[in-house]
Amino acid sequence: MTLLSDTDRDLQRPGPGDPTRGNREGPPRGQPSGSGRGRRGRRGETPGGARHPATMCELYSKQETLALRRRHIGPSCKVFFAADPIKIVRAQRQYMFDEKGDQYLDCINNVAHVGHCHPEVVKAAQKQMELLNTNSRFLHDNIVEYAKRLSATLPDRLSVCYFTNSGSEANDLALRLARQFRGHQDVITLDHAYHGHLSSLIEISPYKFQKGKDVKKEFVHVAPAPDTYRGKYREDHEDPASAYADEVKKIIDEAHNSGRKIAAFIAESMQSCGGQIIPPAGYFQKVAEYVRGAGGVFIADEVQVGFGRVGKHFWSFQMFGEDFVPDIVTMGKPMGNGHPMACVVTTEEIAEAFSASGMEYFNTYGGNPVSSAVGLAVLDVIKNEDLQGNATRVGNYLTELLNKQKTKHTLIGDIRGVGLFIGIDLVKDHQQRTPATAEAQHVIYKMKEKRVLLSADGPHRNVLKIKPPMCFTEEDAEFMVEQLDGILTDLEEAIGAETESVISKNTPCRTKMPKEARSELLRDSSLDPRENPSRKRNGLCTDSLLSKRFRT
Ligand SMILES: Cc1ncc(COP(=O)(O)O)c(C=O)c1O
């Protein structure tokens, strides 16, 4: 059904000024490629201004697609912007295009890590697909070359790979490895964590099981998320790392007292669905010590945050210091730039224990020659285009711009992040840090109208998540922040949350807040628009807090 006729193929052939021409016309990927706003295509135009014929490659009208989706796709499979979904027909670099050819700046797609449809990745897949694709029971160079290159990005002791097709499969296998290692069963997970959609992972994902009817299983223990902004121990605590780690120790002691044994502690190196949470420096070291002391292993879930997103380091857990090395690392999403591939990397000792069970691990598609070729191409592009350097440069610039916005907008409670992994925590009041959930939803819909794709997540769905393809530019950052500024200005005006001192005389009110949204927002009588402790936190704490969080 998706096969194209020759005519369709002709239509897809790139034209002049067409972004699908890859690097041939523009400057190197990962570098600014012209004036940001000028490049933003008008309806049906490419960034270069040409009309894109590939926008005509739809099978159905948008309404038909929606109707078919309602009929044939399970209702639990949700779409972004459910009230007004977007139909995307193609994408290039950090831009996505709808059926009318309208261009959206993609600020959320950490799967298209090196840029949507990167020509080197596409070429590698096609070349290997033409030659051979089969399972890993045959000897093949791609899988071993990829495992060798992947291991080289990790600390020495993490050298044994198991390839899978999704982050969920990787985490499920990580649990099996952990449980087999010492024969223990119990798992400690963080509050609000999400680790995948398999039954075994819903069980350890409070993000999911707390919303459903499932009750927490007795072998699952939930530790508080090490969130120093709105968690149990905050930035004013003298040692939040120890305080949060002691919570894990308490869980271990209680489990032991009831005769239970800990197999693993699992956490993302930075919580994503949990609300872009960065644990305080030293937390993971202490947790690892307690968990290993109990005979368990430390699983770092890097499915969202791996592959150089944080800039300076290839893996996010490396930010916390060389003295912290997990026992198992899981990875996925960015690994194949959209091609479904994932992996578990562990130590020889854990791998040997798994093998000693006598059960073969076979995964039909995991590590196949095509996936491995894709993985190798992704590693090459990250290096050749200095995408880690770009993540640092653009991430720092974006954070700087956002921090300026924080001094201007009372709705912004906190800006946190590293590299191109940033969260904007929207609050109704700075004292209580009451999550501005409805406002966050309003903002992402308004940003969509401005052709910027953002999402809101976290337990209160009030944290705007930024995790774009790694070729995101400074101009993209400026464009995004400019749109956000306008929307927040209008919103704050609408809810009367602005103070004289923060109103920019030059910022016109572009849109009026819908009546229903306005009355919904005004319902909260606790709002005190004049308070802006964020400035205090901004000025006094943010930098020192960040340096406290990261020692490397
Ligand atoms: C942190 C984390 N781990 C694991 C997964 C599961 O990955 P997948 O959807 O590829 O199964 C996800 C997916 O969103 C995730 O965010």
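Quick one: is His113 within 16 Å of the ligand (Cβ to nearest atom) and either open to solvent by 40 Å² or more (accessible area, probe 1.4 Å) or part of a helix (DSSP H, G or I) (or both)?
no
Can Leu402 be described as in a helix (DSSP H, G or I), crowded, with 16+ Cβ neighbours inside 10 Å and in contact with a Phe, Trp or Tyr (Cβ under 8 Å, 6 or more places away or on another chain)?
Spelling it out, it is not the case that Leu402 is in a helix (DSSP H, G or I), crowded, with 16+ Cβ neighbours inside 10 Å and in contact with a Phe, Trp or Tyr (Cβ under 8 Å, 6 or more places away or on another chain).
Are there any pairs, at least 6 apart or on different chains, whose C-beta atoms fall under 6 Å, with the first in region 240-256 and more than 11 Å from Pro279 (Cβ to Cβ) and the second assigned to a helix (DSSP H, G or I) and at pLDDT 95 or above, and if so, which?
So the pair list comes out as Val248/Val287; Val248/Tyr290; Lys249/Tyr290; Ile252/Tyr290.
Checking the structure you have, find out if any residue of region 342-353 is in a helix (DSSP H, G or I), more than 27 Å from Asn462 (Cα to Cα), more than 16 Å from the ligand (Cβ to nearest atom) and among the hydroxyl-bearing types (Ser, Thr, Tyr).
Within region 342-353, not a single residue is in a helix (DSSP H, G or I), more than 27 Å from Asn462 (Cα to Cα), more than 16 Å from the ligand (Cβ to nearest atom) and among the hydroxyl-bearing types (Ser, Thr, Tyr).
Kindly indicate whether any position in region 462-470 is open to solvent by 40 Å² or more (accessible area, probe 1.4 Å) and either at pLDDT 95 or above or hydroxyl-bearing (Ser, Thr, Tyr) (or both).
No, the conditions are met nowhere in region 462-470.
Yes/no matrix, rows are residues, columns are (1) in contact (Cβ under 8 Å) with a residue 12 or more places away in the chain; (2) among the small types (Gly, Ala, Ser); (3) within 16 Å of the ligand (Cβ to nearest atom):
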| position | (1), (2), (3) |
| --- | --- |
| Ser269 | yes, yes, yes |
| Val287 | yes, no, no |
| Asp301 | yes, no, yes |
| Gly308 | yes, yes, no |
| His313 | yes, no, no |
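How many residues does region 175-196 hold that are closer than 22 Å to Tyr290 by Cβ and near the ligand (Cβ under 10 Å from one of its atoms)?
Of the residues in that region, 2 qualify.
To keep it simple, each residue is scored yes or no on (1) in contact with a Cys (Cβ under 8 Å, 6 or more places away or on another chain); (2) assigned to a helix (DSSP H, G or I); (3) within 25 Å of Ser371 (Cβ to Cβ).
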| residue | (1), (2), (3) |
| --- | --- |
| Ala147 | yes, yes, yes |
| Ser151 | yes, yes, yes |
| Pro155 | no, no, yes |
| Glu169 | no, yes, yes |
| Asp172 | no, yes, yes |
| Thr189 | no, no, no |
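What residue, among those in region 155-174 that are open to solvent by 30 Å² or more (accessible area, probe 1.4 Å) and within 16 Å of the ligand (Cβ to nearest atom), is nearest to Leu201 (Cα to Cα)?
Step by step, filter region 155-174, then rank; the result is Asp172.
Looking at Gly274, Gly231, which one is away from the ligand (no atom under 16 Å from the Cβ) and under 18 Å from Tyr207 (Cα atoms)? Full working, then the answer.
Values: Gly274 fails: away from the ligand (no atom under 16 Å from the Cβ).
That would be Gly231, the only listed residue that is away from the ligand (no atom under 16 Å from the Cβ) and under 18 Å from Tyr207 (Cα atoms).
If a residue must be hydrophobic (A, V, I, L, M, F, W, C), in contact with a helix residue (DSSP H, G or I) (Cβ under 7 Å, 6 or more places away or on another chain) and closer than 19 Å to Arg230 by Cα, how many such residues does region 404-462 contain?
9
Ala294 - would you say it is closer than 19 Å to Gln180 by Cα, open to solvent by 10 Å² or more (accessible area, probe 1.4 Å), away from the ligand (no atom under 16 Å from the Cβ) and of a type in the set (A, V, I, L, M, F, W, C)? Let's see the steps before the verdict.
On the way: closer than 19 Å to Gln180 by Cα: yes; open to solvent by 10 Å² or more (accessible area, probe 1.4 Å): yes; away from the ligand (no atom under 16 Å from the Cβ): yes; of a type in the set (A, V, I, L, M, F, W, C): yes.
It is true that Ala294 is closer than 19 Å to Gln180 by Cα, open to solvent by 10 Å² or more (accessible area, probe 1.4 Å), away from the ligand (no atom under 16 Å from the Cβ) and of a type in the set (A, V, I, L, M, F, W, C).
All but one of (1) without any contact (Cβ under 8 Å) to a residue 60 or more places away in the chain; (2) aliphatic (A, V, I, L, M); (3) buried (at least 24 other Cβ atoms within 10 Å of the Cβ) hold for Ala152; which doesn't?
If we test Ala152 against (1) without any contact (Cβ under 8 Å) to a residue 60 or more places away in the chain; (2) aliphatic (A, V, I, L, M); (3) buried (at least 24 other Cβ atoms within 10 Å of the Cβ), just (3) comes out false.
Say whether the condition of being within 16 Å of the ligand (Cβ to nearest atom) and touching a residue at least 60 places away in the same chain (Cβ under 8 Å) is met by at least one residue in region 197-217.
Checked region 197-217: at least one residue is within 16 Å of the ligand (Cβ to nearest atom) and touching a residue at least 60 places away in the same chain (Cβ under 8 Å).
The values are calculated or read from the model by the stated rules, or taken from the named source; none is laboratory data. What you are looking at is a predicted structure, and each value in this text was computed from that prediction instead of being measured. As a convention, Cβ positions derive from the backbone with ideal geometry for all residues, glycine included, and neighbour counts pool all protein chains shown. Heavy atoms of the whole protein, side chains included, go into the accessibility calculation; ligands, DNA and RNA do not. Shrake-Rupley method; radii C 1.70, N 1.55, O 1.52, S 1.80 Å.
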